[in-house]
Amino acid sequence: MARVMLIGANGQLGSDLSREIQSGPHDLVPLNRTDMDIRDHEHVADLLASLRPHVILNTAAFHKVEACELDAEQAFAVNSIAIRNLAIAAIELGRTWCM
Ligand SMILES: NC(=O)c1ccc[n+]([C@@H]2O[C@H](COP(=O)([O-])OP(=O)(O)OC[C@H]3O[C@@H](n4cnc5c(N)ncnc54)[C@H](OP(=O)(O)O)[C@@H]3O)[C@@H](O)[C@H]2O)c1
């Protein structure tokens, strides 16, 4: 059984995916921002190393255009730097990275 780590599980896409995955044969680990802030690279790497998911699905995003324009730093932190760090942590765990 594949362990699926779903990041952003409370979001619109995340909750839809959560329902779909839960209805299947996989072991779902749903994570919301309280469980793991994707900007916290150390915590992300620690959680990946302890949970050892086979599949990592990221749906966390800072994507409302007006908010991104007002806070570009936050947009880059969540949508770019955190994703790079997540990919590095996944590769370190020996997982193939796919976005
Ligand atoms: N909805 C769709 O139909 C759809 C379709 C295709 C692609 N997408 C893409 O999928 C992504 C998510 O879209 P969505 O509609 O599901 O957005 P959403 O409802 O706003 O969900 C985004 C989630 O990301 C979480 N998040 C934000 N910053 C975070 C952080 N630093 N650490 C951890 N979690 C964080 C949010 O948590 P909080 O609630 O705590 O802020 C929220 O649960 C976007 O890139 C979007 O373009 C969406």
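The values are calculated or read from the model by the stated rules, or taken from the named source; none is laboratory data. Since we're looking at a predicted model, the values are computed, not measured. Here Cβ is always computed from backbone atoms with ideal geometry, including for glycine, and neighbour counts include all displayed protein chains. The accessibility values were calculated without ligands, DNA or RNA, using every heavy atom of the protein model including side chains. Shrake-Rupley method; radii C 1.70, N 1.55, O 1.52, S 1.80 Å.
Details
- Around the Cα centre of the chain, unit charges on the Cβ atoms of Lys, Arg, Asp and Glu (plus for the first two, minus for the last two) sum to a dipole of about 360 debye.
- Whole-Hz ³J(HN,Hα) from phi, Karplus 6.51 cos²θ - 1.76 cosθ + 1.60, for the stretch 24-35, glycine and proline x: x, x, 8, 8, 8, 10, x, 10, 10, 4, 5, 6
- Average accessible area per residue (Å²) across the stretch 3-92 - probe 1.4 Å, nucleic acids and ligands excluded: 62 Å²
- Among Val78, Val65, the order of accessible area from largest down is Val65, Val78, computed with a 1.4 Å probe on protein heavy atoms.
- Alpha carbon convex hull of the chain, projected area averaged over orientations, nm²: 6.1 nm²
- Mean Cα-pair separation over length for the chain, i.e. relative contact order, pairs under 8 Å, 6 or more apart, %: 32 percent
- The 3J(HN,Hα) values that the Karplus relation (6.51, -1.76, 1.60; θ = phi - 60°) gives for the stretch 64-71 are, in residue order, 6, 4, 4, 5, 5, 5, 6, 9 Hz. Gly and Pro appear as x.
- Projecting the Cα positions of Leu51, Val65, Ala75 onto the charge dipole of the stretch 3-92 (unit charges on Cβ atoms of Lys, Arg, Asp and Glu, taken about the Cα centre) puts Leu51 furthest along the positive direction.
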